[in-house]
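Quick notes on the structure that follows.
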Amino acid sequence: MRQTGAVHVVLRRDSQGISLIPLADDGTDLPGSRTIVAAHLPGVVAEYEAEHRPRWVWDDTSRWYPALLAARVRVERCVDLRLSHTILRNSALTRDSDLARSPPSDWDAPAVVPRADPDATLFDLAFGSGTSLRPASTVGAVVSPGATPVAPSAAGSAGPGRADPDVDPATDPVLEFRNQRAAIAGSGASGSLGLLLAAESAGALIAAEMRFAGLPWSVERHNTLLTDLLGARPAPGRRPANLEALLARVRAELDSPELNPDSPTELLRALRRAGLVVTSTRSWDLQRINHPAIPPLLEFKKLSRLLSANGWHWVDTWVADGRFRPDYVPGGVVTGRWATSGGGALQLPKQVRGAVVPDAGWKLIVADAAQLEPRILTGLAGDQRMAEAGRGDLYEGIVASGAVATRAEAKVAMLGAMYGATTGESGRLLPRLARAYPKALALVEAAARAGERGEIVSTRLGRSSPLPGADWRLAQRDAADVGASEADRKRALSHARSWGRFTRNFIVQGTAAEWALCWMGALRNRLWALEDGSATLVERPHLVFFLHDEVMVHAPAHLAEAVATEVRAAAEDAGRLLFGAMPVSFPVTVAIVDSYADAK
DNA sequence: TACCCCAGCGCG
DNA sequence: AAAGCGCGCTGGGGTA
């Protein structure tokens, strides 16, 4: 890999514009620091990117990167200081660092996502600091124009990072970067932590790029789909015809002409008045009841859900120019999984996936990591026998080993092991799984016991679970008191067990999230390398969707097979990155399709 | 009016 | 033949 010039370049908003501050790996100053006006940033970043391929260091990817992408500038790598800070703040590996011992700061606050402001320019949204960078200064004199660098200061810890008296030390990315490098260096696990932070930061780039590119969405197909199921789009405030008809049947059968089925209490009352024994209005519970009102009611619930969650209003709000652009939130879940904000991108029902279609001449490549979490557990535990069972279909392999009789049993038992099932079929099968795969089961059991004691557990790369909350500790304390009642002890035990199920799952879900980040990061690099030339991100094969253990690439049709190959290769990359020589396999199913609905 | 919580259901 | 993890969103229903 070509590596000239600075390894890291910090971007910092200063009173005079934006400073670019080159730093060595350990955070010490390198020559070449300069300050530019915000409007020049994309051009300057593009220059650096072409010449030095630095790792950009910034406070929030979601704040800097969208405007760069809008200016057709893609960066190869970055350090997202806020996401990194959160990991280092909580990791057991860095618990003795200055960073972890310092009081909460601005770096612990959630990212400030710039909200749409009709009067703000693109650059205000991305780079405006609110005080030091109002439009007047943006259009003013260039502080340090073009390629003329500001005179470099001598290398040392007190260089450009403190040169600007207007920079608040509490939010200075240079100081924060140095703190983080020190925490990593002192952790004794700089390899895995470094990989984790690189993967997390790559994820932040991908999240911004996926939002920029958008998920190809056919409003027309979506409308057809809705109309077939619900009837034509109704006037505002009215129900579609099919829904209205179903509701009429339900009301008639329950003899409740005014019934609002969206109100659980009202519905429960109506069902009881009709002589039914019900304690909830959940579809799953209602299914078992034999009454003529139930089938239309279940159908109504299903379609009503579609209408409210992904109906015409949803399309109007979230789909524009043939693209669905959700707000991805990397690290939004404690386990390290992504969350989304708005649009419900991680809950796209199968019902509407037919509306996800590629552009003309393009394909969607949909890939799914098969049985990811059990395989992650295999690697975490170093369970050779489970690795052996997982050479093909893992569940069939478990059956072949003689542990259980059917594939369905193997699946239920594995889920129970990872979630902490105690009763039912899953709980019943667990001992048999434990006999066949003692190493794997011992690992999740140990994580559960740690959680029950209120301790922290960590993923493969070093993301640690939070401590239980105040009410949890209170419950344990009350139960330990001499005057504790039986109810107190039961409550404490229930809390403890519950937290144990969380920590049990945390190590698996969290390590799976790390695997997925490595998979996507590797895939992103591989996709970029597929084509040369000046084509921008969305003119090349690019990621458009991510769903925990599933990715989607939008690519020109002639490259679809090549993309499929890279997707598989990237999965192998991820397995090696996390588990090294451990022979655990991560097969992926890949579908090249003209609609998301046609994948698996 | 604004906000919070719950029930229910979608996804992995 | 169904209880065990992690989420976000909607509509109802309550409170301030």
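Just the residues that are in contact with a helix residue (DSSP H, G or I) (Cβ under 9 Å, 6 or more places away or on another chain), within 15 Å of DNA strand B (Cβ to nearest atom) and open to solvent by 20 Å² or more (accessible area, probe 1.4 Å), please, taken from region A:328-343.
A:Tyr328, A:Val329, A:Val333, A:Val334, A:Arg337, A:Ala339, A:Thr340, A:Gly342 - these are the residues of region A:328-343 that are in contact with a helix residue (DSSP H, G or I) (Cβ under 9 Å, 6 or more places away or on another chain), within 15 Å of DNA strand B (Cβ to nearest atom) and open to solvent by 20 Å² or more (accessible area, probe 1.4 Å).
Hey, among A:Leu474, A:Leu461, which residue is aliphatic (A, V, I, L, M), assigned by TED's automatic domain parsing to the domain that holds A:Leu380 and buried (at least 24 other Cβ atoms within 10 Å of the Cβ)?
From the options A:Leu474, A:Leu461, the qualifying one is A:Leu461.
Report every pair of residues separated by at least 6 positions or lying on different chains whose Cβ atoms are under 7 Å apart, first residue within region A:415-436 and in contact (Cβ under 8 Å) with a residue 24 or more places away in the chain, second within 16 Å of DNA strand B (Cβ to nearest atom) and β-branched (Val, Ile, Thr).
Pairs found: A:Ala417/A:Val444; A:Met418/A:Val444; A:Met418/A:Val508; A:Leu429/A:Val412.
Name the one entry in A:Ala367, A:Ala339, A:Ala360 that is on the phi < 0 side of the Ramachandran plot, free of Cβ contacts under 8 Å to residues at least 12 places away in the same chain and more than 14 Å from DNA strand C (Cβ to nearest atom).
Unique residue meeting the criteria: A:Ala360.
I'd like the full set of residues that are surrounded by 20 or more Cβ atoms within 10 Å (Cβ to Cβ) and of a type in the set (Lys, Arg), limited to region A:44-73.
A:Arg63
Which residue out of A:Val278, A:Val250 is farther than 26 Å from A:Leu229 by Cα and surrounded by 13 or more Cβ atoms within 10 Å (Cβ to Cβ)?
One residue alone meets the criteria, A:Val278.
I'd like to check something: does region A:568-583 contain any residue that is more than 23 Å from A:Ala198 (Cα to Cα) and outside any loop (DSSP other than H, G, I, E, B)?
no
Open to solvent by 10 Å² or more (accessible area, probe 1.4 Å), within 16 Å of DNA strand C (Cβ to nearest atom) and assigned by TED's automatic domain parsing to the domain that holds A:Gly332: which single residue out of A:Asp549, A:Asp573, A:Asp532 fits that description?
A:Asp549
Collect the residues in region A:581-596 that are open to solvent by 40 Å² or more (accessible area, probe 1.4 Å) and more than 21 Å from A:Gln509 (Cβ to Cβ), keeping them in residue-number order.
Correct list: A:Ala581, A:Pro583, A:Ile592, A:Asp594.
One line per residue, one yes/no per condition, for (1) over 38 Å from the mean Cα position of the chain (by Cα); (2) within 14 Å of DNA strand C (Cβ to nearest atom); (3) assigned by TED's automatic domain parsing to the domain that holds A:Pro295:
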position: A:Leu230; (1), (2), (3): no, yes, yes
position: A:Arg233; (1), (2), (3): no, no, yes
position: A:Pro257; (1), (2), (3): yes, no, yes
position: A:Ser263; (1), (2), (3): no, yes, yes
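Does region A:297-307 contain at least one residue that is free of Cβ contacts under 8 Å to residues at least 40 places away in the same chain, assigned by TED's automatic domain parsing to the domain that holds A:Arg239 and away from DNA strand B (no atom under 12 Å from the Cβ)?
No: region A:297-307 contains no residue that is free of Cβ contacts under 8 Å to residues at least 40 places away in the same chain, assigned by TED's automatic domain parsing to the domain that holds A:Arg239 and away from DNA strand B (no atom under 12 Å from the Cβ).
How many residues are closer than 23 Å to A:Arg489 by Cβ, open to solvent by less than 70 Å² (accessible area, probe 1.4 Å) and either more than 13 Å from DNA strand C (Cβ to nearest atom) or not in a loop (DSSP other than H, G, I, E, B) (or both) if we restrict to region A:415-453?
Counting residues in region A:415-453 that are closer than 23 Å to A:Arg489 by Cβ, open to solvent by less than 70 Å² (accessible area, probe 1.4 Å) and either more than 13 Å from DNA strand C (Cβ to nearest atom) or not in a loop (DSSP other than H, G, I, E, B) (or both) gives 6.
Based on what the data block shows, is A:Val315 modelled with pLDDT of 95 or more and either of a type in the set (Asp, Glu) or more than 13 Å from DNA strand B (Cβ to nearest atom) (or both)?
Here the answer is yes, as A:Val315 does meet what is asked.
Can you tell me which condition A:Ala597 does not meet? The list is (1) of a type outside the set (S, T, N, Q); (2) in a helix (DSSP H, G or I); (3) closer than 21 Å to A:Leu195 by Cβ, and all the others hold.
(3)
Does A:Arg325 count as within 30 Å of A:Pro110 (Cα to Cα), charged (D, E, K, R) and within 10 Å of DNA strand C (Cβ to nearest atom)?
no
Suppose we filter region A:272-298 for residues that are of a type in the set (A, V, I, L, M) and within 14 Å of DNA strand C (Cβ to nearest atom); how many remain?
The total comes to 2.
For region A:396-414, enumerate the residues that are open to solvent by less than 60 Å² (accessible area, probe 1.4 Å) and within 9 Å of DNA strand C (Cβ to nearest atom).
If the condition is that a residue be open to solvent by less than 60 Å² (accessible area, probe 1.4 Å) and within 9 Å of DNA strand C (Cβ to nearest atom), then A:Val412 is the only one that fits.
Cβ-Cβ distance below 9 Å, separation of 6 or more or different chains: which pairs start in region A:483-497 with a residue that is closer than 14 Å to A:Arg473 by Cβ and end on one that is open to solvent by 70 Å² or more (accessible area, probe 1.4 Å) and not in a helix (DSSP H, G or I)?
A:Asp488/A:Asp481; A:Ala496/A:Arg453
The values are calculated or read from the model by the stated rules, or taken from the named source; none is laboratory data. Predicted model, so just to flag it, every value in this text is computed and none were measured. Every residue, glycine among them, receives a Cβ derived from its backbone with ideal geometry; neighbour counts consider all protein chains shown. Only protein heavy atoms, including side chains, enter the accessible area calculation; ligands, DNA and RNA are left aside. Shrake-Rupley method; radii C 1.70, N 1.55, O 1.52, S 1.80 Å.
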